[in-house]
Structures are given as structure tokens and as C-alpha cells.
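This report concerns only the one structure given below.
Just so it is clear, none of the values below were taken in a lab; they were calculated from the coordinates. The model shown is predicted, which means the values in this text are computed figures rather than measured ones. In this analysis, Cβ positions are derived from the backbone assuming ideal geometry, glycine residues included, and neighbour counts consider all displayed protein chains.
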Amino acid sequence: MKIHFSLTAEDYREYQQIYLARIARFWQRYHYGIFVTFGIVVFVAGLNWIFFEHRGSYPGWVSFAGGLYLVFAGVWGRLKWKRWFRKNAHLYQDLEGEITDEDLVVRSKTEETRAKWEHYSTFVESQNLLVLMDPHGNWLVLPKRAFAPADLQSFLKLLHGKVAIPRAGKARSAEGAD
């Protein structure tokens, strides 16, 4: 079966939501929030040091600046994802996929990715996307709109037969959960 598709900014946002809700480990999921929270604590501690404890001392200013940096790094990191996709959206346009019982091939204008089904360790299904993942954390996003309705059912059947359904607590098929 052959499919043709382009990924959109909405697809990328949905992938981010899937990633953060179902795929990411603790640090990947919460590190931006940890940076901002810790940054606020360090910032407030610096203010306290400067204005109440030891007026104008060097450690207070370092704490103040360090807290601002951590807040900035947390917010900047969160926004970086959106900018990255906008900057590289051309990489996800006019893609062609070829699906067989042995492998999955995705081609763009400049490259081709061919992987046997054994390469993929798990998948996640959302309302609009199918995300296939390998054990190293690499992923392939396929929008459901790329498939004709009959082809989508056939692909899902093939996917369930070829790729292991993840254990509870890990990335899982959202069938029935969405």
C-alpha cells in the first residue's frame, strides 16, 4: 500500500502532546517545569539575600542572576520545539510511504528511510496520528488522513500484528482511550 502526506504544525503539536503524555520519561516530561520552579526559588532566595539578609552582597546577586537564567532556560526550551518545526517544516512536506508485510519505507525529496517491522519496538495511536518508535527513542509520525479508510484498517491490523503493543505504564495504543 502507498500513502502520500505532509506533516502540519497541528500534527507536530499533537505529537508533542502524545510524547509528553505517554512516551516521555520523568525528566523529559518535567525538566522545563523543574527549571522554572527551581529558578523561581533561586531568584527569590537571591532577592532575600540582597534586600534582607546581607544587603548588596555578591552571593545574592549570583543567586538572583542564576534564578533568572533557570527561568529563561525553562521557558526558552519549551518554545524551542515550536520554532524548530517551523524552521524545518520543509523536511516533512511531500512524503511518500510504502507499506509491505516486510517493511515500511518513507521517502522525501532528499532521502529514504527503510526499516523492517522488527526495528519498531512500540507505537502510539491518537485521534489523528500513528507514532511508531524504536528502542532508541527515534519516532516516525504517520497521519491517519494519509490512508483511505479501508487502508487504515488494514494498516492497523498489520501494525498490531507486527509491532508489540507496549506494556502498561509505557507508550500504548490509545485505541478506546481517546
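In table form, for the structure just shown:
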| item | result |
| --- | --- |
| In Å, descending, principal axis extents of the Cα set of the range 1-51 | 68, 21, 10 |
| Computed over the range 64-147, Kirkwood Rh from alpha-carbon pairs, angstrom | 15.4 |
| Fully extended contour minus Cα-Cα distance, from E96 to R25, at 0.36 nm per residue | 22.5 nm |
| Nearest 10 degrees, 0 to 90: helix 26-48 Cα axis against the chain principal axis | 10 |
| The range 10-89: radius of gyration over Cα atoms, expressed as a fraction of 2.2 N^0.38 Å | 1.45 |
| The chain: angle of helix 9-18 to the longest principal axis, Cα-based, in degrees nearest 10 | 80 |
| Dipole magnitude (debye, nearest 20) for the chain, charges at Cβ of Lys, Arg, Asp, Glu | 600 |
| Helix-only CD estimate at 222 nm, as mean residue ellipticity for the chain, using -39500 (n - 2.57) per DSSP H run (n ≥ 4) | -15000 deg cm²/dmol |
| For the range 1-107, with +1 on Lys and Arg beta carbons and -1 on Asp and Glu, the positive-most of W81, G97, A9 along the dipole | W81 |
